[in-house]
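Participant: Sharing a structure below in structure tokens format, with a few things to ask.
The values are calculated or read from the model by the stated rules, or taken from the named source; none is laboratory data. Computed from a predicted model, the values in this text were never measured in an experiment. Cβ placement follows ideal geometry from the backbone for every residue including glycine, while neighbour counts extend to all protein chains displayed. Heads up: the accessible areas ignore ligands, DNA and RNA and are worked out on the full protein's heavy atoms, side chains in. Shrake-Rupley method; radii C 1.70, N 1.55, O 1.52, S 1.80 Å.
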Amino acid sequence: MIGRDYCLQMCRYNRWMNGKVIDSSAKLSNDLLNLDQGAFFASIMHTLNHLYIVDQLWLARFSGAVEPESKIDDLVYSDIEILRQPRIELDAEAEDFFSQCSNDWFEGELEFTSQADGLLYVVPKALAVMHFFNHQVHHRGQV
């Protein structure tokens, strides 16, 4: 069952893995990090920015906060060391959010308009949360 304990475990895992990806990426030159590799979001930095922006977006949807102005393919950070601290803070924000959720919260539905296609979606919260975590794994794998 997708619930509070599952999410807290996944938050801790994602914090650990995001740190490893940033640490590994920091060993590369800025030119290489921003080089178009032919991936869906072109470069390593674009992919890491996409993850950061979309994680912000999902957390805003989950909490009812205002969604970030950045679009899902924006390059907000072109330097890995400048991205490091906001990534750490966002991972802490996710863990804080889920630590405050009751298991009942996961039984509801989430309504949102997708940036990708502009359509309105209504999905089970548990499914949206599962996607939130799987999306991170998917793009870290690309990096």
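Participant: Need at least 1 residues that are among the β-branched types (V, I, T) per element, so show me which helices (runs of 4 or more DSSP H) inside the stretch 15-104 make the cut, counting only ones lying wholly within it.
Facilitator: 44-63, 80-99
Participant: Taking into account only those residues within the stretch 15-69 that are free of Cβ contacts under 8 Å to residues at least 12 places away in the same chain and aliphatic (A, V, I, L, M), which is least open to solvent (accessible area, probe 1.4 Å)?
Facilitator: That would be A60.
Participant: May I ask you to verify whether L8 is over 14 Å from the mean Cα position of the chain (by Cα), in contact (Cβ under 8 Å) with a residue 24 or more places away in the chain, outside any loop (DSSP other than H, G, I, E, B) and surrounded by 14 or more Cβ atoms within 10 Å (Cβ to Cβ)?
Facilitator: yes
Participant: To continue, here is another question. Taking the residues in the stretch 75-89 that are more than 13 Å from H50 (Cβ to Cβ) and of a type outside the set (S, T, N, Q) as candidates, determine which candidate is surrounded by the most Cβ atoms within 10 Å (Cβ to Cβ).
Facilitator: Among those that are more than 13 Å from H50 (Cβ to Cβ) and of a type outside the set (S, T, N, Q), it is I80.
Participant: Shifting gears a bit: In the stretch 17-73, which residue that is under 15 Å from the mean Cα position of the chain (by Cα) and hydroxyl-bearing (S, T, Y) is nearest to D104 (Cα to Cα)?
Facilitator: S63
Participant: Of the conditions (1) under 23 Å from V129 (Cβ atoms); (2) of a type in the set (D, E, K, R); (3) at pLDDT below 95, R87 clears all except one; give me its number.
Facilitator: Every condition holds for R87 apart from (3).
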